[in-house]
Amino acid sequence: MGRNIIIIMENVIQIMEEINKGKNIIFYNKNIYDCYDQLQDDYVCIYFNEPTPVKGKLIKIINEITEDDRPSLNRKTIAALKEILIKGLKYERLIICFNHFDSLTNKSVKVYQSLNSLENIQFVCSFNKKFKKEIYPFYSQFELANKEEYEKKTVKDEINMTFPLYLFIALLCFVIYLKAASSLYMAFILIGAAWFSLIIFRTLIFIGGRP
């Protein structure tokens, strides 16, 4: 428990430093709520576990920063809601925090990108899965906080997917060798085929990388 608190505090210190530089922060496989809970003492912060539907999230932001729950907001367009949000925020800094960055849609990412174009609105997010290529322009505006952890996970996944492919290629070469061999002794054929396929397998591992 003590170690978890230390990790959270380290994340918050790192985030605050980057926020003060005007940057957005994103984490891989982390719950942003823990950071939000610490950041809200120093900033105007809004937290969502899910970033969609975007219209509902804009209404939530407006209600929280203006402390005025207006049912009429549901009838407003997204463009109108953004204007109300900007006017209500004025020049105060707003930090929008949400998990599941990977669940952003084409529509929602455009809205969040337009908010991000404002100097006083920044984001702290997290993702767990790969996301659509349409989201990458927005993702490129973030600093990945735990980059080493993400790279280790990515390399491990690539190795786990590649090994079965290498084994398949090696076995295929084994079969081809058996069909092509013209030796008089079946034992030599089998040994030679096994050795040949093993060489192929080890060569592919060497080229593709090891765990």
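The values are calculated or read from the model by the stated rules, or taken from the named source; none is laboratory data. Small disclaimer: the values here were computed from a predicted structure and weren't measured. Ideal geometry is used to build each Cβ from the backbone, glycine not excepted, and the neighbour counts take in all protein chains shown. Just so you know, the surface numbers come from the protein's heavy atoms only, side chains and all, with ligands and any DNA or RNA stripped out. Shrake-Rupley method; radii C 1.70, N 1.55, O 1.52, S 1.80 Å.
Surface composition of the stretch 52-133: carbon plus sulfur atoms contribute 50% of the solvent-accessible area (1.4 Å probe, protein chains only, all chains present). Cross-linked pairs LYS60/LYS129; LYS130/LYS152; LYS60/LYS87; LYS30/LYS60; LYS82/LYS107: Cα-Cα separations exceed 18 Å for LYS60/LYS129; LYS30/LYS60. Loop-resident GluC sites (Glu not before Pro) (DSSP state other than H, G, I, E or B) in the stretch 114-143 with no more than 14 further Cβ atoms inside 10 Å of their Cβ: GLU119. The slack in the chain from THR105 to GLU83, taken as 0.36 nm per residue of separation less the alpha-carbon distance, amounts to 5.8 nm. On a per residue basis, the stretch 1-146 carries 55 Å² of accessible surface, using protein heavy atoms and a 1.4 Å probe.
Rounded to the nearest Hz, the phi-derived 3J(HN,Hα) couplings of the stretch 31-37 under the Karplus curve 6.51 cos²θ - 1.76 cosθ + 1.60 (θ = phi - 60°) are 8, 5, 4, 4, 6, 4, 4, where x marks glycine and proline.
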